[in-house]
1. Looking only at the stretch 248-284, filter to residues that are of a type in the set (D, E, K, R), surrounded by 10 or more Cβ atoms within 10 Å (Cβ to Cβ) and modelled with pLDDT of 75 or more; which one of those is nearest to GLN160 (Cα to Cα)?
2. In the stretch 66-78, is there at least one residue being among the polar types (S, T, N, Q), modelled with pLDDT of 95 or more and surrounded by fewer than 14 Cβ atoms within 10 Å (Cβ to Cβ)?
3. Does ALA16 count as at pLDDT 95 or above, of a type in the set (Gly, Ala, Ser) and either under 19 Å from the mean Cα position of the chain (by Cα) or surrounded by fewer than 21 Cβ atoms within 10 Å (Cβ to Cβ) (or both)?
4. What is the one condition in (1) surrounded by 13 or more Cβ atoms within 10 Å (Cβ to Cβ); (2) under 30 Å from ARG127 (Cα atoms); (3) in contact (Cβ under 8 Å) with a residue 12 or more places away in the chain that ILE245 does not satisfy?
5. On the basis of being crowded, with 23+ Cβ neighbours inside 10 Å, hydrophobic (A, V, I, L, M, F, W, C) and either at pLDDT below 95 or out of contact with any Lys or Arg (no Cβ under 6 Å at 6 or more places or on another chain) (or both), does LEU171 make the cut?
6. Only one of (1) of a type in the set (Gly, Ala, Ser); (2) over 30 Å from TYR223 (Cα atoms); (3) surrounded by 19 or more Cβ atoms within 10 Å (Cβ to Cβ) is not met by ALA59, so which one is it?
7. How many residues are touching a Leu at 6+ places or on another chain (Cβ under 9 Å), within 28 Å of VAL34 (Cα to Cα) and either part of a helix (DSSP H, G or I) or not hydrophobic (A, V, I, L, M, F, W, C) (or both) if we restrict to the stretch 58-84?
8. In the stretch 1-53, which residues are free of Cβ contacts under 8 Å to residues at least 24 places away in the same chain and either not in a loop (DSSP other than H, G, I, E, B) or not acidic (Asp, Glu) (or both)?
Amino acid sequence: MSTQLEEQLLAAPYLALDAPLAVEILTAALKEEVEKAGFRKVVLGLSGGIDSALSLYLAVRAFGKDNVIAVCMPYRTSSASSLTDAEEAISDTGVQSLKVDISPQIDAYFEFMPDATSLRKGNKMARERMTILYDLSAHFGALVIGTSNRTELLLGYGTQFGDSASAVNPLGDLYKTQVRQLSKFIGVPRSILEKAPSADLWEDQTDEKELGFSYFDVDRLLYHLLDRRLTKEQLLEQGFSNPLIEQVTQRITRNQYKRRMPLILKISNRTVGVDFRYLRDWGL
């Protein structure tokens, strides 16, 4: 994987980060934002994938292993290797951990709807996991840390109020390729670095198979589209295909609602989230 990643960053140097500096900035910012909210501990869901692993390692750097709680929440069809990978990260960091099997509540709900699609079941699992994290947040007095990267947020590749929910998200400004780069730098276990990205919501599910394109290809496009603000004509000149451009831009537009707080219809002169947006620092 390291060779592949190195080749990709050589081919697209604009995606490469100054890894030591990026980790330092993210660690300091994570600590500051959590402590400004009045917390000293954090809790996060650990799937065995690279995104949640990077969030875990950043959290340990920010708060120390004794103030981080990692929660594994497998379903009965979840890959056994995912749990093994999560346990390796837990062992490596030394954090407190819990394992909560979500099979009973998921199966009980869908007992009355046996024809539910895999997508519905996957979304239900994602939201079930987040309700568990927020309950444990209250139990431990720990803020929920997010694990969704910038690529996923832009594409809407996540479950609203499920895996996309959190109080603070250290990965939301990192493209997936950059998540891989920082994960390698920070010491995420090799078994996690080399596995195919997957939400592990159903058997043999992988992100890239479901999306229909690779993370590296879409990261390159997103960079030129958003960071450089190239037009469609300029993107075509860069060698991106018209179908990929259309598919990605439609996903970004269609999923805008997932990237914002619930829309409040305005009737007063100081609407929450619109006009009433004082910095929280002023009140703490």
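1. Within the stretch 248-284, the match that is nearest to GLN160 (Cα to Cα) is LYS258.
2. Residues of the stretch 66-78 that are among the polar types (S, T, N, Q), as a first pass: 67, 77-78.
After this cut, where a residue has to be modelled with pLDDT of 95 or more as well, the list is 67.
Within this subset, residues satisfying the condition of being surrounded by fewer than 14 Cβ atoms within 10 Å (Cβ to Cβ) are none.
Scanning the stretch 66-78 turns up no residue that is among the polar types (S, T, N, Q), modelled with pLDDT of 95 or more and surrounded by fewer than 14 Cβ atoms within 10 Å (Cβ to Cβ).
3. So ALA16 fits the description; yes.
4. Here ILE245 clears every test but (2).
5. yes
6. For ALA59, the failing item is (2).
7. Residues that pass the stated criteria total 6.
8. Just the residues of the stretch 1-53 that are free of Cβ contacts under 8 Å to residues at least 24 places away in the same chain, to begin with: 3-4, 6-7, 10-11, 13, 18, 21, 24-25, 32, 35.
Once the filter is applied, which keeps residues that are free of Cβ contacts under 8 Å to residues at least 24 places away in the same chain and either not in a loop (DSSP other than H, G, I, E, B) or not acidic (Asp, Glu) (or both), the stretch 1-53 yields THR3, GLN4, GLU6, GLU7, LEU10, ALA11, PRO13, LEU21, GLU24, ILE25, GLU32, GLU35.
The values are calculated or read from the model by the stated rules, or taken from the named source; none is laboratory data. It should be emphasised that the depicted structure is a prediction, and the values quoted were computed from it without experimental measurement. Reconstructed Cβ throughout: ideal geometry from the backbone, glycine too, with neighbour counts over all protein chains shown.
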